[in-house]
Structure formats: C-alpha cells, structure tokens
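**Q** Quick one: the structure is below, and I'll ask about it shortly.
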Amino acid sequence: MAGSNFVDYVKIFCRSGKGGAGSAHLRREKFVAMGGPDGGDGGRGGHVIVTGNRNTWTLLHLKYKRHIFAGHGGSGGKQGSSGADGEDRYIEVPLGTVAKDAETGEILFEITEHDQQEILVKGGRGGLGNMHFKSSTNQTPRYAQPGEDAVERAAILELKVLADVGLVGFPNAGKSTLLSVVSAAKPEIADYPFTTLIPNLGIVSYRENHSFCMADIPGIIEGASEGKGIGLRFLRHIERNSILLFLVPADAEDIRKEYEILLNELRQYNPELLDKSRLLAVSKSDMLDDELIEEIKQDLPDIPSIFISSVAQQGITELKDMIWKELMNANK
C-alpha cells in the first residue's frame, strides 16, 4: 500500500433526504358521489448509512468526496398510493472505523464487522395523507402532513487498525524488519528515522495452520502524546491491538529506560492502554554474546521478554510461541 494512499482520518458533510409530503387528494369519479379523501403518504427520506467492508483498508475514497447527500422521499398520490422512499447513500469503510460527531466529539458508533450497517444520518419521515385524518366529524379533510426536513451533520471517520499484535518502539528499533521477516508484508525499510509513515499489516503464519495479524505502528518518540513527531497521529491504532510488543534495540543506552519512555507515552495518550498484555523483544541481539545477554536480563522490566535478531533469524520461532501463548491467554 503506497503511503500516499493510506488515509485514516477524514471529515465529511452528510445530509439525509427530506420526507415526501402526504397527499390531500379527494376522490373524484363520475359515478361515485362524495368519494372522500384518498391521499397517500409521502415516502421516507433517504438515510446516510455507514457499512463495514473487510476488503477496504483505507478512507482514501472519501478524501476527495466529502459531501454525501441522500435522496428525497416522493410525495403521496391519489387512490392511497404512497410516495417512493428516497435513495439511501452507503459509505463503505474499513473494519475498525469509528464515527464521531464533528461538533461535539461524541462517538456515534464503531464498525468492527463485515457488512455491519449503522445509520449516520436518518432520513426525514414522510407526511401522512389526508386518509388518516378522516373521522365521523371530519369526513372530507383537505389537508395532509408535510414531510420531515432533511438532517445535516458533519462527521469524522477515524480508522483504528485492527490487529492482534501491535509493534511499539522508537524509530529504527527494527519493527519493519521484524514484520518483513515473520510475514509476507513488504514495508519500506531504510537506515533513517521515520521510514515507516503508515501502519503496515502482516499475517504471521504459526504452527498447525494457525495465524495472527501483526501491525507495525510508525515510530513513537518522547513527547508523541503531546503532538511531537508523527507518533500521536498513529497512537490511536494501538488501541485496537490485543497485545503490545515493545521493541528496543540491543544497542540502546538503557533498554529499561527506553521501555519506560514508550510506556509513559501510551499512558499519557490513553491510560487504558496499560491494561493490554505487554511483551518485550530486544532486537538486533546478534551483536551480543551469552554473558552480555545474561547481564542485560537482570535489568529488564518485569514482563515476558526475549532477545531476537530479525536479520540473523535468531529467536523468531520462540517469539512467535510467546505471542501465541499470550494471545490465547488474552482471549480466554
């Protein structure tokens, strides 16, 4: 997926359809005296509906089409005929999309399943025809209800990537390299900060035909929760991960300190993220000997940890085992 094609935040303006007016028609036939009211109801205005599509991965299609209007309902007719309902407008979004009211920030709904449908803006009801107002004291009502007005709403659609495992680490921690080794994903990899500018997803094959989804989240820096770097933009994607896999390179000055900084950024952004299962992988460990590994282990945080090297293929199988075990515990 090209970086320019990944859009995870878009503001749209929607308007539902106006309800059709009811008819005040009176029956007129040559051999029927005093036929009475026979006006039909107006049709419902069209809804604006958001629907989930598992084959969609971005909100790009909404980037240049941000005004979405549903059709108006038709007016009622004679002989009790109802007006046609207005045409509904459907917005297809990836799974993991959250819809918010742009003015209040209120979360309206989340799309998490394929073909799930939620009404973003409800169409106006059609007006009742004069048939409904006939009574013993008013046998010839010459009035009917107008249709309800259209409803307008500015909404924000925000995509939060759905994945079993989210990779958390500073730029150049080796997240993209790990994803390229354990899955068929082909993220851009280079030796400079912020190579990864979009979340990359990869399906990791496991034993006995099992698999799980791993997401490479663009690098977080200290102060990301305050808007520094690009981490703030992508911190929301971590909210949908079942497990957080922290990656700290073996050549870091202080592995525990880097882990604490990353953890603090998550805490500042959303304290609930700390409730997720956490694992630690010390990457680029092929440069360490056994004695140094044992020495580093003494100062690691109190979470399951492992030493790996994506390039040398060291510890990758053991890492998969650790992740799978944690996933099974998380889903109990």
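The values are calculated or read from the model by the stated rules, or taken from the named source; none is laboratory data. Remember, it's a predicted structure, so these values are computed and weren't measured experimentally. Quick reminder, even Gly has a Cβ in these numbers, built from the backbone with ideal geometry, and neighbours come from all protein chains shown.
**Q** Any chance segment 84-105 includes a residue that's at negative phi and free of Cβ contacts under 8 Å to residues at least 40 places away in the same chain?
**A** Yes, segment 84-105 contains a residue that is at negative phi and free of Cβ contacts under 8 Å to residues at least 40 places away in the same chain.
**Q** Are any of the residues in segment 77-86 within 24 Å of Phe13 (Cβ to Cβ) and buried (at least 16 other Cβ atoms within 10 Å of the Cβ)?
**A** Within segment 77-86, one or more residues are within 24 Å of Phe13 (Cβ to Cβ) and buried (at least 16 other Cβ atoms within 10 Å of the Cβ).
**Q** Another question about this same structure. Inside segment 305-332, can you point out the residues that are under 18 Å from Asp290 (Cβ atoms) and assigned to a loop (DSSP other than H, G, I, E, B)?
**A** Selection gives Ile308, Ala312, Gln313, Gly315.
**Q** Can you tell me which residue in segment 197-229 is modelled with the lowest pLDDT, limited to those that are assigned to a loop (DSSP other than H, G, I, E, B) and buried (at least 17 other Cβ atoms within 10 Å of the Cβ)?
**A** This residue is Gly229.
**Q** Then there's this: Restricting attention to segment 85-99, report how many residues are modelled with pLDDT of 95 or more and part of a loop (DSSP other than H, G, I, E, B).
**A** Total satisfying the criteria: 4.
**Q** Evaluate segment 131-147: report whether one residue or more is over 16 Å from Asp41 (Cα atoms), touching a strand residue (DSSP E or B) at 6+ places or on another chain (Cβ under 6 Å) and surrounded by fewer than 16 Cβ atoms within 10 Å (Cβ to Cβ).
**A** The answer is no; no qualifying residue exists.
**Q** Cβ-Cβ below 8 Å, separation at least six or inter-chain, first residue in segment 274-300 and part of a helix (DSSP H, G or I), second hydroxyl-bearing (Ser, Thr, Tyr): which pairs?
**A** Within 8 Å, the pairs are Ser285/Ser309; Asp286/Ser309; Ile293/Ser285; Lys297/Ser305.
**Q** Going through segment 152-166 one residue at a time, which ones are surrounded by fewer than 21 Cβ atoms within 10 Å (Cβ to Cβ) and of a type in the set (Val, Ile, Thr)?
**A** Hit for segment 152-166 is Ile156, nothing else.
**Q** Let me ask something else about it. May I ask you to list the residues in segment 35-75 that are of a type in the set (Phe, Trp, Tyr) and surrounded by 17 or more Cβ atoms within 10 Å (Cβ to Cβ)?
**A** Trp57, Phe69
**Q** Checking Leu244 against (1) part of a helix (DSSP H, G or I); (2) modelled with pLDDT of 85 or more, only one condition comes out false. Which one?
**A** Condition (1) is where Leu244 drops out.
**Q** While we're here: Go through segment 35-83 and give me each residue that's without any contact (Cβ under 8 Å) to a residue 12 or more places away in the chain and either more than 19 Å from the chain's Cα centre (by Cα) or assigned to a helix (DSSP H, G or I) (or both).
**A** Gly35
**Q** Further, regarding this structure: Regarding segment 107-119, can at least one residue be identified that is assigned by TED's automatic domain parsing to the domain that holds Arg15, within 14 Å of Gly45 (Cβ to Cβ), at pLDDT 95 or above and crowded, with 19+ Cβ neighbours inside 10 Å?
**A** Taking every residue of segment 107-119 in turn, none turns out to be assigned by TED's automatic domain parsing to the domain that holds Arg15, within 14 Å of Gly45 (Cβ to Cβ), at pLDDT 95 or above and crowded, with 19+ Cβ neighbours inside 10 Å.
**Q** Within segment 181-193, count every residue that is modelled with pLDDT of 80 or more and touching a strand residue (DSSP E or B) at 6+ places or on another chain (Cβ under 7 Å).
**A** 2
**Q** Could you list, in sequence order, the residues of segment 121-152 that are outside any loop (DSSP other than H, G, I, E, B), of a type outside the set (A, V, I, L, M) and within 18 Å of His72 (Cα to Cα)?
**A** Of everything in segment 121-152, just one residue is outside any loop (DSSP other than H, G, I, E, B), of a type outside the set (A, V, I, L, M) and within 18 Å of His72 (Cα to Cα), namely Glu152.
**Q** Also, I was wondering about something else. Is at least one residue of segment 171-180 closer than 17 Å to Trp324 by Cβ and either part of a strand (DSSP E or B) or at pLDDT 70 or above (or both)?
**A** Yes - at least one qualifying residue is present in segment 171-180.
**Q** Which of the residues that make up segment 1-34 are at pLDDT below 90 and under 36 Å from the mean Cα position of the chain (by Cα)?
**A** Answer for segment 1-34, where residues must be at pLDDT below 90 and under 36 Å from the mean Cα position of the chain (by Cα): Met1, Ala2, Gly3, Ser4, Asn5, Phe6, Val7, Asp8, Tyr9.
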